[in-house]
Structures are given as C-alpha cells and as structure tokens.
Amino acid sequence: MKNYVEKRVSCPHCGHKIGITLDSSNGSQDFYDDCPACCRAIHLNMQVDEQHKTINLYIDADDEQIF
C-alpha cells in the first residue's frame with residue numbers, strides 16, 4: 001500500500017473543497033485541520049486497514065462528536 005494518498009474533501013461547516021495528503025505510514029490517526037475558507041476546525045479520523053490495503057476517512061465538524 002502507498003504511504004501517501006491525496007484526497008479532496010468538503011468542509012462540513014461551509015462546503016469548501018480542501019485538498020489533503022494522508023500519510024498511512026503511522027497507522028490509524030485522529031487529527032484536526034482548519035478550513036482555509038471559514039477557519040473552523042475539521043475533525044478527521046483516518047482508519048488504515050492493512051489487510052484490505054484501504055484507508056477509510058471519516059470527516060465531521062468538531063461540534064458533532066458524541067462523547
């Protein structure tokens with residue numbers, strides 16, 4: 001599996017398209033990135049499935065999480 005993957009995603013706040021680079025070399029990750037258009041935090045949860053050689057990316061607004 002390639003370690004770096006380019007993806008285009010939409011900001012859950014304003015809908016602006018954002019290009020991000022995912023690095024799967026460190027396994028599954030949970031991180032935040034700011035939207036360049038509205039400056040609000042975007043929660044990104046990347047799940048690496050080594051067995052099926054896939055990356056699943058879940059995106060939500062920070063205020064949508066259930067604790």
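The values are calculated or read from the model by the stated rules, or taken from the named source; none is laboratory data. Note that the structure is a prediction, hence the values are computed from the model and not measured. Note that we place each Cβ from the backbone using ideal geometry, even for glycine, and neighbour counts take in every protein chain shown. Ligands, DNA and RNA are stripped out before the accessible areas are found, and what is left, the full protein with its side chains, is counted by its heavy atoms. Shrake-Rupley method; radii C 1.70, N 1.55, O 1.52, S 1.80 Å.
For the chain, what value does the Rg/Rh ratio take when both radii are computed over Cα atoms and Rh is the Kirkwood radius, given to two decimals? Don't skip to the answer; put the middle values down first.
Working: Rg = 12.4 Å, Rh = 12.6 Å.
Result: Rg/Rh = 0.98.
Are there any GluC sites (Glu not before Pro) in the chain that are in a DSSP loop and have at most 13 other Cβ atoms within 10 Å? List them by number. Provide the component values of the computation, followed by the final result.
Numbers: sites: Glu6, Glu50, Glu64; in loops: Glu50.
The qualifying sites are Glu50.
In percent, what relative contact order does the chain have, based on Cα pairs under 8 Å that are 6 or more apart in sequence? Spell out each step's value before the answer.
Numbers: 111 pairs, mean separation 16.9, N = 67.
Relative contact order comes out at 25 percent.
Looking at the chain, identify the longest residue range that excludes and avoids all trypsin sites (Lys or Arg not before Pro) in DSSP loops having at most 10 other Cβ atoms within 10 Å.
Counting only loop sites that pass the neighbour cut-off, the longest clear stretch is 3-52.
For the range 54-63, just list the computed ³J(HN,Hα) in residue order, Karplus coefficients 6.51, -1.76 and 1.60, θ = phi - 60°, integers in Hz, with x standing in for Gly and Pro.
Each residue of the range 54-63 in turn: 10, 10, 9, 10, 10, 10, 8, 6, 4, 7 Hz.
Over the chain, give the accessible area per residue in Å² for a 1.4 Å probe, as an integer.
Value for the chain: 70 Å² per residue.
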